[in-house]
Amino acid sequence: MAEAVRPQAPRPDSPWQVRAFRTFFAATTFEILGNNLAFVTVPLVAVSVLDAGAGQVGTLATLGTVAALVIGLPAGAWVDRVRPRRVLIAAELAQAALPACLLIAWWLGALTLWQMYAVALLRGVVVVFAVVGTMSQIPRLVDAGKLPKANAALMSLVAGANAVGQGLGGLLLQALTAPAGLAGTVMSHLLSACLLMKIPDTERSVPESRRRGTVRSEVAAGLRHVLRDKELRGLAVSGACTNLGSQIVNTLLPVMFVRELGLPIAMLGVFWTAGGCGLLLGTRCARLIARRVGLGRTLGLLGFLVAPAGLLVPLVGGGGWLWMGTAGWAVITFRIGVNNVLGVSLQQLLTPPAMLGRMHAVFRIMSTGAVMAGAVMAGVVGELAGVRAALWMGGVLMAASFVPVFLSPARARRDFPAPVAAQEALSQTSEASQSRRA
């Protein structure tokens, strides 16, 4: 008689065993859906309802980025003072309320561009808190052994959404109307907030000693933590270089494809879709590669091996050069996906829980600043030296972005370290044991 097949036991490193993480993942899914709908809907409402021009639509996009630069570092300190779960719930409710205000104003026939500017600015502030709170909440939901897989799941969700989410949002709005997209954004963020409320609030309140520090002193402590640690500094500079180079490339690709090469806009969509697929594949393969060759070799050596792919991107042109450049872009985004999973996990494990918000805020403001600088550099270099020269600048930056991590101590790591809190507890236990022996 054949033996009954026993169900396979869940893997000990799986974050899906944790109910709170499953709920958090579902909430993040609705948040990303709302963000993608807002990304497509807000400019469409400005154009279709208010007849906004290119400059006005660009202003809407810029206001959110400026908010991130202004509020980024203080947001990290404020998130560390309270419980990240509460920050996330408040952020989701705010992200539902802001488009609801636009929807009501449109329904009443009172919608103006100035209202949209105000909502874009406020939403940019809220998004900063949402991102910092999300990255600070993950290590509180799962233990260190499950952290890399938890980050891989969330990064894969983001990569998949970037690859197809905005396109699906555009198809949805084409079938309905732009204001209907605002209603979808409101509902998505409300559902996210409801799911976050189901996560148990088991974290202890912030110690009184933590409340006495000023925001300025806590921001300075977060900066010192990142910039004085060689591994964190290498990860931060590497990420900033990647964002700088990729922003230069992405800013000028429409000009190169349409004006310089005379290619249909659909080919630009193919190029960007290839990058989204590379990013998604990288997030899915990150843990497997690190397990086979080691964490440090993956972060450093992989960057060295795929660096030439960055130099293929500026070669994009007609015929086979189009596919050569597209392949190079897909390989570069694959490396970015790998680094996103492994780098974020390493950042979290090297940072005390009380400083997670400030650490992520420093990384975010460096990446956001690089994105803004990349947009400016693309315009200046493109005008003065030509679009192809600017693409070469972006390609070289992406190719060389692995160097800061390659030169840091992270390259020598075989595996992830124990969390800082666990290291401190082990050190205190060892010291107490030695004192008892004495």
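Observations on the model:
- Protection proxy ranking, peptides 318-324, 121-127, average beta carbon neighbours within 10 Å, highest first: 121-127, 318-324
- Peptides 270-282, 406-418 ranked from most to least packed, by the mean per-residue count of other Cβ atoms within 10 Å: 270-282, 406-418.
- Förster-model FRET efficiency, 22 Å R0, ARG233 and LEU305, C-beta, rounded to 0.05: 0.45
- Count Lys and Arg as plus one, Asp and Glu as minus one, and take only other residues whose Cβ is under 11 Å from that of PHE402; the net charge is then +2.
- Projecting label points 7 angstrom from Cα along Cα→Cβ for ARG19 and VAL66 puts them 4.7 nm apart.
- Span from the region 368-387 Cα centroid across to the region 255-317 one, whole angstrom: 20 Å
- Remark: region 279-400 carries 38 Å² of accessible area per residue (probe radius 1.4 Å; ligands, DNA and RNA excluded).
- Across region 75-84, computed HN-Hα scalar couplings (Karplus, 6.51 cos²θ - 1.76 cosθ + 1.60, θ = phi - 60°) run 4, x, 5, 5, 5, 5, 7, 10, 8, x Hz from first to last residue, x flagging Gly and Pro.
- Rounded to whole numbers, the Karplus 3J(HN,Hα) couplings from phi for region 316-330 are 3, x, x, x, x, 5, 4, 6, 5, x, 5, 5, x, 5, 5 Hz, using 6.51 cos²θ - 1.76 cosθ + 1.60 with θ = phi - 60°, and x at Gly and Pro.
The values are calculated or read from the model by the stated rules, or taken from the named source; none is laboratory data. Please read all numbers here as calculations on a predicted model, not as lab measurements. With ideal geometry, Cβ positions are generated from the backbone for all residues, glycine too; neighbour counts draw on all protein chains shown. Areas reflect the complete protein model, heavy atoms only, side chains present, ligands, DNA and RNA absent. Shrake-Rupley method; radii C 1.70, N 1.55, O 1.52, S 1.80 Å.
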